[in-house]
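A short write-up of the structure that comes next.
Coordinate-derived values only; no laboratory data. None of the values given here were measured: they were computed from a predicted structure. All Cβ positions, glycine included, derive from the backbone under ideal geometry; neighbour counts span all protein chains shown.
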Amino acid sequence: MPLVAIGSPSPSAIRHVGDEGGCSPAPSSPAIIAPGAGEPLLTDGQKIALLKMRRSDWAKAIVSKLKQIGSCAVAGDDFLSLVPLKLAISKGSFHVLTPSGRWRADQVAIQVARALGLHVITYDWTGPGRPCFVRCTCGFSVHRQQRHKHLLSRAGANHLAFVASRQAVNA
């Protein structure tokens with residue numbers, strides 16, 4: 001499948017999503033993710049609940065892909081079970097992620113994207129005096145000073161072009 005751009009260039013964020021079609025077939029669920037030391041083992045439903053609650057660019061792209069392949073089933077108990085793990089706080093009829101829950105959701109998004117062969121690129125233009133950066137779920141990242149932020153768009157496009165060329169060679 002070719003690389004697809006999602007969204008439009010804006011000062012706040014640009015997103016690109018792509019599949020590495022030449023890789024191994026996509027797993028039926030993101031169950032291949034193993035937690036790090038001291039992290040609770042999450043079920044597939046809990047991982048998807050974290051991604052749905054996170055609503056970041058990466059999480060939205062991953063949930064969209066999981067819906068396409070039909071492994072995006074989540075129950076209300078999956079959201080409730082995140083509260084005792086201190087990954088979410090119950091706010092009555094809905095739940096909000098804690099800071100550690102947001103971090104864990106980002107880690108789940110990165111690991112699921114890698115398992116599915118997705119490349120989701122996010123641009124962060126930050127603020128004055130801080131470096132801007134582009135990063136991909138595959139681990140690719142580039143940081144530039146504010147005065148060189150025009151180079152970030154090129155770096156992201158070059159990364160996606162490189163991934164596309166690897167797909168063409170592997171096909």
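If R₀ is 35 angstrom, what is the calculated FRET efficiency for the pair TRP103 and HIS148, using the beta carbon separation as r and rounding to 0.05? Could you put the intermediate results ahead of the total?
Numbers: r = 29 Å, r/R0 = 0.82.
It comes to 0.75.
Here is the link list: LYS60/LYS149; LYS91/LYS149; LYS67/LYS149. Which ones come out longer than 28 Å on Cα distance?
Values: LYS60/LYS149 25 Å; LYS91/LYS149 39 Å; LYS67/LYS149 34 Å.
Over 28 Å apart, Cα to Cα: LYS91/LYS149; LYS67/LYS149.
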Whole-Hz ³J(HN,Hα) from phi, Karplus 6.51 cos²θ - 1.76 cosθ + 1.60, for region 151-161, glycine and proline x: 6, 5, 4, 5, 5, x, 5, 5, 5, 5, 5
